Structures are given as structure tokens and as C-alpha cells.
Amino acid sequence: MASLVSRVPRLLQAVGRTLAVQATRSYADAAAPVGMSFTFGSPAAAFYNAATNVRQIDVPTFSGNIGILPSHVPTLAVLKPGKLTVFEDEAINHFVVSSGSVTVNEDSSVQILAEEACRLEDVDPQLARSGLEKAQQQLAAATTDAERTEAQVAVEFHEQVVKALE
């Protein structure tokens, strides 16, 4: 009896390790979906609505740029101004986004809601550069914290647009 009692802690540790390994494998070992359901839009336009031909999405977030593939771990992130890239079966589409949210669900569905978004090819490079200059002038002329914050956001957005166009 004493030998059985002395083995119980080791047995419990072994069972605990087995359960922990099984728990971590359950999500990773699940059958990987071939694609993902992707919805992306802004108040002005809906670019994707439950599209299933999307293989990968590269997203700028405040935590860093992330690449989303089918079976990505569920995630909630905040969009940062920059270039968003969508890899479809037959095409690659580039967008410019401002702020917003990114949600990756356990069922491989992805929703991106941007405050402002447009296709990169629709952006006039000259207008982007002049917008950056205007935002920098507004930042230099700002006298209140609110004006400085608003101008700083505009500068950051236009810098990312200009960078995406290069």
C-alpha cells in the first residue's frame, strides 16, 4: 500500500502532462480548413462578404503586422494605419486602412472592420504626398492637445499611405 501511495503523485503528474498535451493539440490537430470565410469593409464600402477564396491576409495591427492563414489562432486586434494585403486563389489585392478591428474566430472566419479603407490602386500618389504635407503643417500649427492628436493621427495615416505606394 505504501508503494502505491508513493507512486500516486508521479501518476497524477503523468496524467496531467498527458491531458495538457492533448489540450494543446486539440486545436492544432483539428482538420485544417482549406480556406477561410473573410469579411472586410468600411462604412463607405464592402470589399469582401464571407469570401471563401482567400488563402492569407496580411494585416497591420498595433501589436505588429500579422499574417492570417486558415486555422489561425482566434485573435482580436486593433488595426493600425497601413497596407492590408489579401491573397486570393487567383489574385493579390492591396488596400490602405486606417483604424478599426480585426477578429479571427475559431471557425477560421475573419472580419476586418476599418474606419477608412480603399484599394491601393485607387490612391493618387500626388494627393497622398500633398495630404501628408498638409497634415504635417496642421501638426506644426496645432495649439491644443486635441489638435495635436488629430494632426498626429493624420500624419501617421498619410505616412503609411505614401510608404505603401512606394
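Since every read-out is calculated from the coordinates, none of them should be taken as a lab result. In this text, all values refer to a predicted model and were calculated from it rather than measured experimentally. Quick reminder, even Gly has a Cβ in these numbers, built from the backbone with ideal geometry, and neighbours come from all protein chains shown.
Short version: ³J(HN,Hα) in whole Hz for each residue of region 80-93, in order, from phi by Karplus 6.51 cos²θ - 1.76 cosθ + 1.60 (θ = phi - 60°), x for Gly and Pro, what are they?
Once θ is set to phi - 60°, the couplings for region 80-93 become 10, x, x, 9, 10, 10, 10, 9, 9, 4, 10, 8, 10, 10 Hz.
May I ask you to sort Glu106, Glu159, Glu90 by Cβ crowding, counting other Cβ atoms within 10 Å and putting the fewest first? It would help to have the intermediate numbers written out before the result.
Working: Glu106 11, Glu159 16, Glu90 6.
Final ranking by Cβ density, sparse to dense: Glu90, Glu106, Glu159.
Under 5 Å between amide H atoms, partner at least 5 residues away or on a different chain: which partners does Leu84 have, H built in plane at 1.01 Å?
Amide H neighbours of Leu84: Phe95, Val96, Val97.
Put a dot 7 Å past each Cα toward the Cβ at Ala146 and Glu115; how far apart are the dots in nm?
Those two pseudo-labels are separated by 1.5 nm.
Report, by chain and number, residues whose modeled amide H sits under 5 Å from the one on Glu116, excluding near sequence neighbours (fewer than 5 apart, same chain).
Counting only residues 5 or more places away or on other chains, the set is Ser98, Ser99.
How far apart, in nm, are two points set 7 Å out from the Cα along the Cα-to-Cβ line at Thr52 and at Asn93?
Once both label points are built, they end up 1.8 nm from each other.
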